[in-house]
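Values quoted throughout were computed directly from the atomic coordinates according to the rules given, and no laboratory measurement underlies them. These numbers were taken from a predicted model, which means no experiment stands behind them. Here the Cβ positions follow ideal geometry from the backbone for every residue, glycine too, while neighbour counts run over all protein chains shown.
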Amino acid sequence: MQELGNTQFFKVETDNNSVKKILEEVYRALTEKGYNPVNQIVGYIMSGDPTYITSYHNARSLIMKVERDELVEELLTRYIDNNQWKE
């Protein structure tokens, strides 16, 4: 039985370069098609519904190759790095 008094560790092993490249491609495709890429990517992450992502330039297929938790990890890591939260 799992002890509920301790913090559990969550570790995802990913190739951050490929996640970054996929996000860049998806962002570019959404922008080119006139969508708000932030809203569309958030919609996809929150719902898991791939129709938030355009099929233009194969963006929908690309983003579905990455688990949604990997996308969140990449985005949060970049946000923390850019805001210098790390010591």
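According to the Cα gyration tensor, what semi-axes, each the square root of 5 times an eigenvalue, does the equivalent ellipsoid of the chain have, listed from largest to smallest in whole Å?
Largest first, the chain gives 27, 16, 12 Å.
Residue 28: net charge of surrounding residues, Cβ under 15 Å, Lys/Arg +1, Asp/Glu -1, itself excluded?
+1
Placing unit charges on C-beta atoms (Lys and Arg positive, Asp and Glu negative, everything else neutral), compute the dipole magnitude of the chain about its Cα centre in debye, rounded to 20.
It comes to approximately 340 debye.
Restricting to DSSP H runs of at least four residues, report the calculated mean residue ellipticity at 222 nm for the chain, -39500 (n - 2.57) per run over all residues, nearest 500 deg cm²/dmol.
Calculated mean residue ellipticity at 222 nm is -17000 deg cm²/dmol.
Could you derive backbone 3J(HN,Hα) for the stretch 63-77 from the dihedral phi with the Karplus parameters 6.51, -1.76 and 1.60 (θ = phi - 60°), listing whole Hz in sequence and x where the residue is Gly or Pro?
5, 6, 6, 10, 5, 4, 5, 5, 5, 4, 4, 5, 5, 5, 4
Residue 51 versus residue 4, label points 7 Å from Cα toward the beta carbon: distance in nm?
A separation of 3.8 nm, rounded to one decimal place.
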